[in-house]
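What follows is a set of notes on a single structure, which appears directly below.
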4 protein chains.
Amino acid sequence: MTTTEAGATAPSGETGAAEAGGAEIVTDHDRGIHGYHKQKDEHLKRLRRIEGQVRGLQRMVDEDVYCIDILTQVSASTKALQSFALQLLEEHLRHCVADAAVKGGAEVDAKVEEATKAIARLLRT
Amino acid sequence: MTTTEAGATAPSGETGAAEAGGAEIVTDHDRGIHGYHKQKDEHLKRLRRIEGQVRGLQRMVDEDVYCIDILTQVSASTKALQSFALQLLEEHLRHCVADAAVKGGAEVDAKVEEATKAIARLLRT
Amino acid sequence: MTTTEAGATAPSGETGAAEAGGAEIVTDHDRGIHGYHKQKDEHLKRLRRIEGQVRGLQRMVDEDVYCIDILTQVSASTKALQSFALQLLEEHLRHCVADAAVKGGAEVDAKVEEATKAIARLLRT
Amino acid sequence: MTTTEAGATAPSGETGAAEAGGAEIVTDHDRGIHGYHKQKDEHLKRLRRIEGQVRGLQRMVDEDVYCIDILTQVSASTKALQSFALQLLEEHLRHCVADAAVKGGAEVDAKVEEATKAIARLLRT
(Lines give C-alpha, C1' and ligand atoms only; values in the text may rest on other atoms or scores of the structure.)
Protein backbone atom coordinates (compact mmCIF):
# COMPACT_ATOMS: atom_id res chain seq x y z
CA MET A 1 0.00 0.00 0.00
CA THR A 2 1.33 3.42 -0.81
CA THR A 3 1.33 6.12 1.71
CA THR A 4 -1.24 8.03 -0.14
CA GLU A 5 -3.75 5.28 0.33
CA ALA A 6 -2.51 4.63 3.79
CA GLY A 7 -4.11 5.24 7.07
CA ALA A 8 -7.78 5.12 6.38
CA THR A 9 -8.06 1.41 6.90
CA ALA A 10 -5.60 1.15 9.73
CA PRO A 11 -7.18 0.31 13.00
CA SER A 12 -6.91 3.12 15.47
CA GLY A 13 -5.14 2.99 18.76
CA GLU A 14 -2.05 1.19 17.69
CA THR A 15 0.42 3.96 17.13
CA GLY A 16 3.94 2.88 17.72
CA ALA A 17 3.10 -0.70 18.47
CA ALA A 18 2.06 -3.93 16.96
CA GLU A 19 4.03 -3.70 13.71
CA ALA A 20 3.86 -7.40 13.04
CA GLY A 21 1.08 -8.27 15.34
CA GLY A 22 -1.39 -11.02 14.79
CA ALA A 23 -2.56 -12.06 11.38
CA GLU A 24 -2.10 -8.72 9.70
CA ILE A 25 1.12 -6.86 9.27
CA VAL A 26 0.74 -3.17 9.96
CA THR A 27 3.72 -0.99 9.19
CA ASP A 28 4.68 2.62 9.72
CA HIS A 29 3.66 3.18 6.17
CA ASP A 30 0.14 2.11 6.97
CA ARG A 31 0.09 4.80 9.57
CA GLY A 32 1.24 7.45 7.09
CA ILE A 33 4.75 7.69 8.44
CA HIS A 34 7.39 7.91 5.74
CA GLY A 35 10.86 6.52 5.83
CA TYR A 36 12.41 9.94 6.09
CA HIS A 37 10.25 10.93 9.03
CA LYS A 38 12.95 10.71 11.67
CA GLN A 39 15.53 12.54 9.57
CA LYS A 40 13.16 15.43 8.89
CA ASP A 41 15.15 18.02 10.81
CA GLU A 42 18.37 16.93 9.21
CA HIS A 43 16.77 17.09 5.77
CA LEU A 44 15.38 20.56 6.37
CA LYS A 45 18.77 21.75 7.57
CA ARG A 46 20.43 20.37 4.42
CA LEU A 47 17.84 21.98 2.16
CA ARG A 48 18.18 25.34 3.86
CA ARG A 49 21.92 25.14 3.26
CA ILE A 50 21.29 24.40 -0.43
CA GLU A 51 18.86 27.32 -0.59
CA GLY A 52 21.66 29.48 0.80
CA GLN A 53 24.01 28.20 -1.89
CA VAL A 54 21.53 29.12 -4.61
CA ARG A 55 21.14 32.60 -3.13
CA GLY A 56 24.94 32.78 -3.10
CA LEU A 57 24.88 32.05 -6.82
CA GLN A 58 22.57 34.99 -7.38
CA ARG A 59 24.96 37.25 -5.50
CA MET A 60 27.87 35.96 -7.58
CA VAL A 61 26.07 36.68 -10.85
CA ASP A 62 25.00 40.07 -9.55
CA GLU A 63 28.56 40.99 -8.58
CA ASP A 64 29.99 39.79 -11.91
CA VAL A 65 32.11 37.07 -10.34
CA TYR A 66 34.30 35.11 -12.76
CA CYS A 67 32.26 32.48 -14.69
CA ILE A 68 34.44 29.53 -13.65
CA ASP A 69 34.00 30.36 -9.97
CA ILE A 70 30.24 30.41 -10.45
CA LEU A 71 30.39 27.03 -12.20
CA THR A 72 32.32 25.60 -9.25
CA GLN A 73 29.56 26.74 -6.93
CA VAL A 74 26.89 25.26 -9.23
CA SER A 75 28.71 21.91 -9.04
CA ALA A 76 28.72 22.12 -5.25
CA SER A 77 24.97 22.82 -5.14
CA THR A 78 24.18 20.01 -7.58
CA LYS A 79 26.28 17.63 -5.51
CA ALA A 80 24.49 18.68 -2.33
CA LEU A 81 21.11 18.07 -3.98
CA GLN A 82 22.16 14.63 -5.17
CA SER A 83 23.51 13.78 -1.77
CA PHE A 84 20.15 14.74 -0.26
CA ALA A 85 18.40 12.60 -2.90
CA LEU A 86 20.58 9.61 -2.06
CA GLN A 87 19.76 9.85 1.63
CA LEU A 88 16.06 10.10 0.88
CA LEU A 89 16.31 7.16 -1.48
CA GLU A 90 18.11 5.03 1.08
CA GLU A 91 15.39 5.67 3.64
CA HIS A 92 12.74 4.96 1.02
CA LEU A 93 14.31 1.60 0.16
CA ARG A 94 14.75 0.73 3.82
CA HIS A 95 11.16 1.53 4.73
CA CYS A 96 8.69 1.71 1.87
CA VAL A 97 10.25 -0.94 -0.36
CA ALA A 98 11.17 -3.30 2.46
CA ASP A 99 7.67 -2.90 3.91
CA ALA A 100 6.16 -3.91 0.60
CA ALA A 101 8.42 -6.95 0.49
CA VAL A 102 7.38 -8.03 3.95
CA LYS A 103 3.74 -7.73 3.04
CA GLY A 104 4.32 -9.71 -0.14
CA GLY A 105 2.17 -9.67 -3.22
CA ALA A 106 2.52 -7.57 -6.32
CA GLU A 107 3.15 -4.39 -4.34
CA VAL A 108 6.90 -4.92 -4.07
CA ASP A 109 7.28 -5.09 -7.85
CA ALA A 110 5.44 -1.80 -8.25
CA LYS A 111 7.54 -0.18 -5.52
CA VAL A 112 10.81 -1.38 -7.02
CA GLU A 113 9.82 -0.19 -10.48
CA GLU A 114 8.87 3.19 -9.07
CA ALA A 115 12.16 3.51 -7.20
CA THR A 116 14.16 2.49 -10.26
CA LYS A 117 12.44 5.15 -12.35
CA ALA A 118 13.31 7.74 -9.72
CA ILE A 119 16.95 6.62 -9.83
CA ALA A 120 16.87 6.84 -13.64
CA ARG A 121 15.64 10.42 -13.38
CA LEU A 122 18.49 11.22 -11.00
CA LEU A 123 20.94 9.64 -13.45
CA ARG A 124 19.17 11.42 -16.28
CA THR A 125 19.46 8.61 -18.73
CA MET B 1 13.90 -14.11 -5.30
CA THR B 2 10.33 -13.11 -5.13
CA THR B 3 7.85 -15.71 -4.35
CA THR B 4 5.87 -15.06 -7.46
CA GLU B 5 8.51 -16.04 -9.99
CA ALA B 6 9.84 -18.94 -8.05
CA GLY B 7 9.74 -22.42 -9.09
CA ALA B 8 10.92 -23.54 -12.49
CA THR B 9 14.53 -24.06 -11.52
CA ALA B 10 13.80 -24.85 -7.95
CA PRO B 11 14.27 -28.37 -6.78
CA SER B 12 11.02 -30.29 -6.92
CA GLY B 13 8.81 -30.50 -3.94
CA GLU B 14 8.81 -26.82 -3.21
CA THR B 15 7.51 -25.26 -6.39
CA GLY B 16 5.79 -22.01 -5.79
CA ALA B 17 5.29 -22.76 -2.19
CA ALA B 18 7.11 -22.95 1.03
CA GLU B 19 9.01 -19.68 0.64
CA ALA B 20 7.40 -18.26 3.67
CA GLY B 21 6.18 -21.51 4.97
CA GLY B 22 7.19 -23.31 8.06
CA ALA B 23 10.13 -22.30 10.16
CA GLU B 24 12.68 -21.44 7.50
CA ILE B 25 12.50 -19.21 4.48
CA VAL B 26 14.56 -20.48 1.59
CA THR B 27 15.07 -18.14 -1.32
CA ASP B 28 16.79 -18.34 -4.67
CA HIS B 29 19.60 -16.34 -3.11
CA ASP B 30 20.16 -19.16 -0.69
CA ARG B 31 20.50 -21.40 -3.69
CA GLY B 32 23.07 -19.09 -5.30
CA ILE B 33 20.74 -17.73 -7.95
CA HIS B 34 21.00 -13.99 -8.47
CA GLY B 35 18.23 -11.65 -9.40
CA TYR B 36 19.54 -11.16 -12.92
CA HIS B 37 19.69 -14.89 -13.63
CA LYS B 38 16.75 -15.03 -16.01
CA GLN B 39 17.78 -11.91 -17.91
CA LYS B 40 21.27 -13.27 -18.49
CA ASP B 41 20.91 -13.64 -22.26
CA GLU B 42 19.42 -10.21 -22.60
CA HIS B 43 22.24 -8.73 -20.49
CA LEU B 44 24.91 -10.46 -22.56
CA LYS B 45 23.31 -9.23 -25.78
CA ARG B 46 23.27 -5.64 -24.42
CA LEU B 47 26.89 -5.84 -23.34
CA ARG B 48 28.01 -7.23 -26.68
CA ARG B 49 26.30 -4.30 -28.35
CA ILE B 50 28.15 -1.90 -26.02
CA GLU B 51 31.42 -3.68 -26.80
CA GLY B 52 30.65 -3.08 -30.48
CA GLN B 53 30.07 0.60 -29.77
CA VAL B 54 33.46 0.89 -28.05
CA ARG B 55 35.12 -0.83 -30.99
CA GLY B 56 33.30 1.64 -33.22
CA LEU B 57 34.87 4.45 -31.20
CA GLN B 58 38.33 3.02 -31.92
CA ARG B 59 37.55 2.98 -35.63
CA MET B 60 36.36 6.59 -35.46
CA VAL B 61 39.56 7.73 -33.73
CA ASP B 62 41.63 5.71 -36.17
CA GLU B 63 39.88 7.26 -39.17
CA ASP B 64 40.18 10.82 -37.80
CA VAL B 65 36.45 11.33 -37.53
CA TYR B 66 35.37 14.78 -36.32
CA CYS B 67 35.71 15.13 -32.52
CA ILE B 68 32.09 16.11 -31.93
CA ASP B 69 30.83 13.00 -33.72
CA ILE B 70 33.05 10.86 -31.52
CA LEU B 71 31.70 12.61 -28.42
CA THR B 72 28.15 11.85 -29.55
CA GLN B 73 29.03 8.18 -29.80
CA VAL B 74 30.68 8.28 -26.34
CA SER B 75 27.44 9.68 -24.92
CA ALA B 76 25.48 6.86 -26.54
CA SER B 77 27.81 4.22 -25.05
CA THR B 78 27.68 5.80 -21.60
CA LYS B 79 23.90 5.90 -21.78
CA ALA B 80 23.78 2.23 -22.81
CA LEU B 81 26.00 1.30 -19.86
CA GLN B 82 23.83 3.24 -17.43
CA SER B 83 20.70 1.69 -18.84
CA PHE B 84 22.23 -1.75 -18.29
CA ALA B 85 23.14 -0.74 -14.74
CA LEU B 86 19.60 0.40 -14.04
CA GLN B 87 18.14 -2.90 -15.20
CA LEU B 88 20.60 -4.81 -13.06
CA LEU B 89 19.81 -2.59 -10.11
CA GLU B 90 16.08 -3.07 -10.50
CA GLU B 91 16.50 -6.84 -10.46
CA HIS B 92 18.80 -6.55 -7.48
CA LEU B 93 16.25 -4.53 -5.52
CA ARG B 94 13.43 -6.88 -6.52
CA HIS B 95 15.29 -10.00 -5.50
CA CYS B 96 18.24 -9.54 -3.17
CA VAL B 97 16.93 -6.56 -1.21
CA ALA B 98 13.35 -7.79 -1.06
CA ASP B 99 14.59 -11.23 0.03
CA ALA B 100 16.52 -9.66 2.88
CA ALA B 101 13.42 -7.77 3.93
CA VAL B 102 11.33 -10.93 3.99
CA LYS B 103 13.93 -12.69 6.10
CA GLY B 104 14.05 -9.74 8.46
CA GLY B 105 16.87 -8.93 10.79
CA ALA B 106 19.81 -6.62 10.21
CA GLU B 107 20.44 -8.00 6.72
CA VAL B 108 18.03 -5.63 5.00
CA ASP B 109 19.82 -2.56 6.37
CA ALA B 110 23.14 -3.84 5.09
CA LYS B 111 21.65 -4.64 1.68
CA VAL B 112 20.00 -1.23 1.36
CA GLU B 113 23.19 0.55 2.37
CA GLU B 114 25.15 -1.48 -0.16
CA ALA B 115 22.65 -0.72 -2.93
CA THR B 116 22.65 2.99 -2.09
CA LYS B 117 26.43 3.10 -2.30
CA ALA B 118 26.26 1.45 -5.71
CA ILE B 119 23.73 4.08 -6.84
CA ALA B 120 26.01 6.82 -5.48
CA ARG B 121 28.87 5.42 -7.56
CA LEU B 122 26.66 5.47 -10.64
CA LEU B 123 25.73 9.08 -9.85
CA ARG B 124 29.38 9.77 -9.12
CA THR B 125 28.68 12.02 -6.20
CA MET C 1 41.45 37.67 -20.23
CA THR C 2 40.85 36.80 -16.68
CA THR C 3 39.16 39.10 -14.30
CA THR C 4 42.30 39.71 -12.40
CA GLU C 5 44.06 41.31 -15.31
CA ALA C 6 40.97 43.15 -16.38
CA GLY C 7 39.73 46.61 -16.25
CA ALA C 8 42.10 49.01 -14.60
CA THR C 9 44.10 49.88 -17.66
CA ALA C 10 41.28 50.01 -20.16
CA PRO C 11 40.67 53.42 -21.64
CA SER C 12 37.23 54.75 -21.05
CA GLY C 13 34.82 55.83 -23.71
CA GLU C 14 35.23 52.95 -26.06
CA THR C 15 32.36 50.76 -25.05
CA GLY C 16 31.29 48.42 -27.74
CA ALA C 17 33.94 49.48 -30.17
CA ALA C 18 37.52 48.91 -31.11
CA GLU C 19 37.62 45.24 -30.21
CA ALA C 20 40.09 44.45 -32.94
CA GLY C 21 41.35 47.92 -33.56
CA GLY C 22 44.89 49.02 -34.31
CA ALA C 23 47.93 47.31 -32.96
CA GLU C 24 46.42 46.11 -29.74
CA ILE C 25 43.40 43.96 -29.32
CA VAL C 26 41.15 45.17 -26.56
CA THR C 27 38.24 42.96 -25.69
CA ASP C 28 35.23 43.19 -23.43
CA HIS C 29 37.15 41.07 -21.02
CA ASP C 30 39.85 43.70 -20.83
CA ARG C 31 37.16 46.05 -19.72
CA GLY C 32 35.99 43.73 -16.97
CA ILE C 33 32.87 42.62 -18.77
CA HIS C 34 32.21 38.92 -18.52
CA GLY C 35 30.62 36.74 -21.12
CA TYR C 36 27.45 36.39 -19.13
CA HIS C 37 27.03 40.14 -18.65
CA LYS C 38 24.17 40.59 -21.08
CA GLN C 39 22.27 37.56 -19.83
CA LYS C 40 22.51 38.73 -16.22
CA ASP C 41 18.78 39.36 -15.79
CA GLU C 42 17.91 36.05 -17.38
CA HIS C 43 20.41 34.26 -15.12
CA LEU C 44 19.04 35.91 -12.00
CA LYS C 45 15.50 35.00 -12.98
CA ARG C 46 16.54 31.35 -13.51
CA LEU C 47 18.34 31.23 -10.17
CA ARG C 48 15.39 32.73 -8.33
CA ARG C 49 13.23 30.02 -9.85
CA ILE C 50 15.67 27.37 -8.63
CA GLU C 51 15.68 28.96 -5.18
CA GLY C 52 11.89 28.64 -5.24
CA GLN C 53 12.20 24.97 -6.16
CA VAL C 54 14.52 24.34 -3.21
CA ARG C 55 12.09 26.10 -0.89
CA GLY C 56 9.38 23.92 -2.38
CA LEU C 57 11.46 20.88 -1.40
CA GLN C 58 11.53 22.10 2.20
CA ARG C 59 7.77 22.42 2.17
CA MET C 60 7.41 18.90 0.76
CA VAL C 61 9.64 17.43 3.48
CA ASP C 62 7.81 19.44 6.11
CA GLU C 63 4.42 18.22 4.91
CA ASP C 64 5.56 14.58 4.72
CA VAL C 65 5.06 14.31 0.98
CA TYR C 66 5.77 10.87 -0.52
CA CYS C 67 9.54 10.28 -0.96
CA ILE C 68 9.34 9.53 -4.69
CA ASP C 69 7.57 12.82 -5.37
CA ILE C 70 10.32 14.66 -3.50
CA LEU C 71 12.96 12.82 -5.55
CA THR C 72 11.22 13.91 -8.75
CA GLN C 73 11.43 17.52 -7.62
CA VAL C 74 15.12 17.09 -6.69
CA SER C 75 15.77 15.85 -10.24
CA ALA C 76 14.02 18.90 -11.66
CA SER C 77 16.11 21.26 -9.52
CA THR C 78 19.36 19.49 -10.43
CA LYS C 79 18.44 19.67 -14.09
CA ALA C 80 17.68 23.39 -13.80
CA LEU C 81 21.06 24.00 -12.15
CA GLN C 82 22.88 22.08 -14.86
CA SER C 83 21.01 23.92 -17.56
CA PHE C 84 22.09 27.20 -15.96
CA ALA C 85 25.67 25.92 -15.82
CA LEU C 86 25.59 25.00 -19.51
CA GLN C 87 24.42 28.46 -20.50
CA LEU C 88 27.11 30.07 -18.40
CA LEU C 89 29.69 27.74 -19.88
CA GLU C 90 28.61 28.50 -23.44
CA GLU C 91 29.00 32.22 -22.82
CA HIS C 92 32.35 31.62 -21.16
CA LEU C 93 33.63 29.67 -24.17
CA ARG C 94 32.27 32.25 -26.58
CA HIS C 95 33.86 35.17 -24.79
CA CYS C 96 36.68 34.36 -22.38
CA VAL C 97 38.13 31.38 -24.26
CA ALA C 98 37.66 32.86 -27.73
CA ASP C 99 39.21 36.13 -26.52
CA ALA C 100 42.25 34.29 -25.30
CA ALA C 101 42.55 32.54 -28.66
CA VAL C 102 42.42 35.83 -30.54
CA LYS C 103 45.12 37.30 -28.33
CA GLY C 104 47.27 34.22 -28.82
CA GLY C 105 50.02 33.12 -26.51
CA ALA C 106 49.85 30.62 -23.69
CA GLU C 107 46.67 32.11 -22.27
CA VAL C 108 44.35 30.04 -24.44
CA ASP C 109 45.82 26.76 -23.16
CA ALA C 110 45.30 27.84 -19.58
CA LYS C 111 41.74 28.95 -20.32
CA VAL C 112 40.86 25.70 -22.07
CA GLU C 113 42.33 23.63 -19.26
CA GLU C 114 40.39 25.66 -16.71
CA ALA C 115 37.13 25.25 -18.66
CA THR C 116 37.69 21.50 -19.05
CA LYS C 117 38.21 21.14 -15.32
CA ALA C 118 34.95 22.98 -14.70
CA ILE C 119 33.17 20.62 -17.11
CA ALA C 120 34.73 17.64 -15.31
CA ARG C 121 33.35 18.94 -12.01
CA LEU C 122 29.91 19.23 -13.58
CA LEU C 123 30.25 15.67 -14.86
CA ARG C 124 31.63 14.65 -11.48
CA THR C 125 34.21 12.29 -12.87
CA MET D 1 51.81 22.74 -35.41
CA THR D 2 48.75 23.99 -33.70
CA THR D 3 47.21 27.24 -34.56
CA THR D 4 47.99 28.70 -31.24
CA GLU D 5 51.67 28.25 -31.65
CA ALA D 6 51.43 29.32 -35.25
CA GLY D 7 51.43 32.53 -36.94
CA ALA D 8 52.81 35.93 -36.49
CA THR D 9 56.14 34.97 -35.04
CA ALA D 10 56.73 31.88 -37.09
CA PRO D 11 59.76 31.98 -39.32
CA SER D 12 59.00 31.54 -42.97
CA GLY D 13 59.67 28.28 -44.70
CA GLU D 14 58.54 26.30 -41.74
CA THR D 15 57.22 22.78 -41.86
CA GLY D 16 53.63 22.43 -42.80
CA ALA D 17 53.79 25.59 -44.84
CA ALA D 18 52.12 28.89 -44.64
CA GLU D 19 50.34 28.70 -41.29
CA ALA D 20 50.02 32.42 -41.03
CA GLY D 21 50.78 33.33 -44.56
CA GLY D 22 49.74 36.69 -45.89
CA ALA D 23 46.17 37.73 -45.65
CA GLU D 24 44.72 34.32 -45.04
CA ILE D 25 45.06 32.23 -41.94
CA VAL D 26 45.46 28.57 -42.69
CA THR D 27 45.15 26.23 -39.76
CA ASP D 28 45.64 22.54 -39.15
CA HIS D 29 41.90 22.21 -39.37
CA ASP D 30 41.98 23.46 -42.93
CA ARG D 31 44.38 20.67 -43.66
CA GLY D 32 42.07 18.08 -42.16
CA ILE D 33 44.07 17.52 -39.01
CA HIS D 34 41.94 17.28 -35.91
CA GLY D 35 42.87 18.38 -32.44
CA TYR D 36 43.19 14.84 -31.18
CA HIS D 37 45.61 13.81 -33.92
CA LYS D 38 48.72 13.63 -31.75
CA GLN D 39 46.98 11.79 -28.92
CA LYS D 40 45.66 9.14 -31.29
CA ASP D 41 47.75 6.30 -29.88
CA GLU D 42 46.89 7.25 -26.34
CA HIS D 43 43.19 7.42 -27.22
CA LEU D 44 43.26 4.01 -28.90
CA LYS D 45 45.00 2.50 -25.89
CA ARG D 46 42.35 3.96 -23.56
CA LEU D 47 39.52 2.68 -25.74
CA ARG D 48 41.00 -0.81 -25.95
CA ARG D 49 41.17 -0.83 -22.16
CA ILE D 50 37.48 0.17 -21.98
CA GLU D 51 36.64 -2.55 -24.51
CA GLY D 52 38.39 -4.99 -22.18
CA GLN D 53 36.30 -3.71 -19.26
CA VAL D 54 33.08 -4.30 -21.19
CA ARG D 55 34.22 -7.82 -22.08
CA GLY D 56 34.97 -8.28 -18.39
CA LEU D 57 31.37 -7.31 -17.64
CA GLN D 58 30.14 -10.06 -19.97
CA ARG D 59 32.30 -12.58 -18.15
CA MET D 60 30.92 -11.39 -14.80
CA VAL D 61 27.33 -11.79 -15.96
CA ASP D 62 28.14 -15.15 -17.47
CA GLU D 63 29.72 -16.38 -14.24
CA ASP D 64 26.81 -15.11 -12.08
CA VAL D 65 28.94 -12.63 -10.16
CA TYR D 66 27.13 -10.69 -7.43
CA CYS D 67 25.07 -7.81 -8.89
CA ILE D 68 26.71 -5.08 -6.79
CA ASP D 69 30.17 -6.09 -8.01
CA ILE D 70 28.97 -5.85 -11.59
CA LEU D 71 27.53 -2.39 -10.89
CA THR D 72 30.89 -1.28 -9.51
CA GLN D 73 32.56 -2.35 -12.74
CA VAL D 74 29.89 -0.56 -14.80
CA SER D 75 30.67 2.64 -12.86
CA ALA D 76 34.38 2.20 -13.63
CA SER D 77 33.70 1.77 -17.35
CA THR D 78 31.38 4.78 -17.47
CA LYS D 79 33.97 6.86 -15.69
CA ALA D 80 36.67 5.75 -18.14
CA LEU D 81 34.44 6.71 -21.08
CA GLN D 82 33.73 10.12 -19.59
CA SER D 83 37.38 10.68 -18.91
CA PHE D 84 38.13 9.87 -22.56
CA ALA D 85 35.38 12.28 -23.62
CA LEU D 86 36.84 15.06 -21.47
CA GLN D 87 40.28 14.67 -23.01
CA LEU D 88 38.80 14.73 -26.50
CA LEU D 89 36.76 17.78 -25.59
CA GLU D 90 39.77 19.62 -24.22
CA GLU D 91 41.69 19.03 -27.43
CA HIS D 92 38.66 20.08 -29.45
CA LEU D 93 38.37 23.36 -27.55
CA ARG D 94 42.09 23.99 -27.81
CA HIS D 95 42.22 23.40 -31.54
CA CYS D 96 38.93 23.54 -33.39
CA VAL D 97 37.23 26.20 -31.26
CA ALA D 98 40.35 28.32 -30.81
CA ASP D 99 41.02 28.10 -34.56
CA ALA D 100 37.56 29.40 -35.28
CA ALA D 101 38.12 32.28 -32.86
CA VAL D 102 41.37 33.25 -34.55
CA LYS D 103 39.69 33.25 -37.96
CA GLY D 104 36.87 35.37 -36.60
CA GLY D 105 33.42 35.65 -38.12
CA ALA D 106 30.35 33.65 -37.29
CA GLU D 107 32.24 30.34 -37.25
CA VAL D 108 33.23 30.64 -33.57
CA ASP D 109 29.62 30.99 -32.44
CA ALA D 110 28.65 27.86 -34.36
CA LYS D 111 31.62 25.93 -32.95
CA VAL D 112 30.88 26.99 -29.37
CA GLU D 113 27.22 26.08 -29.73
CA GLU D 114 28.17 22.70 -31.15
CA ALA D 115 30.62 22.04 -28.31
CA THR D 116 28.07 23.09 -25.68
CA LYS D 117 25.52 20.69 -27.13
CA ALA D 118 28.08 17.89 -26.95
CA ILE D 119 28.74 18.76 -23.29
CA ALA D 120 24.99 18.76 -22.65
CA ARG D 121 24.74 15.27 -24.12
CA LEU D 122 27.56 14.13 -21.84
CA LEU D 123 25.75 15.67 -18.88
CA ARG D 124 22.51 14.18 -20.17
CA THR D 125 20.38 17.13 -19.20
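The values are calculated or read from the model by the stated rules, or taken from the named source; none is laboratory data. Everything numeric here is computed off the predicted structure, so don't read it as measured data. Every residue, glycine as well, gets a Cβ built from its backbone with ideal geometry; the counts of neighbours run over all protein chains shown. These accessible areas exclude ligands, DNA and RNA; they are computed on the full protein's heavy atoms, side chains included. Shrake-Rupley method; radii C 1.70, N 1.55, O 1.52, S 1.80 Å.
Annotation for residue B:83, label-to-label distances across the other copies: 2.3, 2.6, 3.3 nm (shortest first, one decimal, point 7 Å from Cα along Cα→Cβ). Using a simple spin-label model with pseudo-atoms 7 Å out from Cα toward Cβ, residue B:38 and residue C:87 lie 4.7 nm apart.
Place the peptides A:90-103, A:55-68 in order of packing, highest mean first, counting for every residue the other Cβ atoms within 10 Å and averaging per peptide.
Details: A:90-103: 23.0, A:55-68: 17.3.
The densest-packed peptide leads the list: A:90-103, A:55-68.
Counts of other chain beta carbons within 10 angstrom of each beta carbon in peptide B:95-108 average 4. Take every pair of alpha-carbon atoms less than 8 Å apart whose residues are at least six positions apart; their mean separation over the length of region A:34-124 yields a relative contact order of 34 percent. Report the percentage of all Cα-Cα pairs in region C:34-124 whose separation exceeds 22 Å, rounded to a whole percent. Result for the distance tail: 45 percent. In this label model, residue C:76 and residue B:63 are separated by 4.4 nm, measuring between points 7 Å along each Cα→Cβ vector. Between chain C and chain D, the total buried accessible area stands at approximately 2200 Å², from heavy atoms with a 1.4 Å probe. Sequentially through region A:47-58, phi angles give Karplus couplings (6.51, -1.76, 1.60; θ = phi - 60°) of 5, 5, 5, 5, 4, x, 4, 5, 5, x, 4, 4 Hz, Gly and Pro residues having no value and appearing as x. A 1.4 Å probe run over the protein chains yields, for region D:57-125, 33 Å² of accessible area per residue, whole-number rounding.
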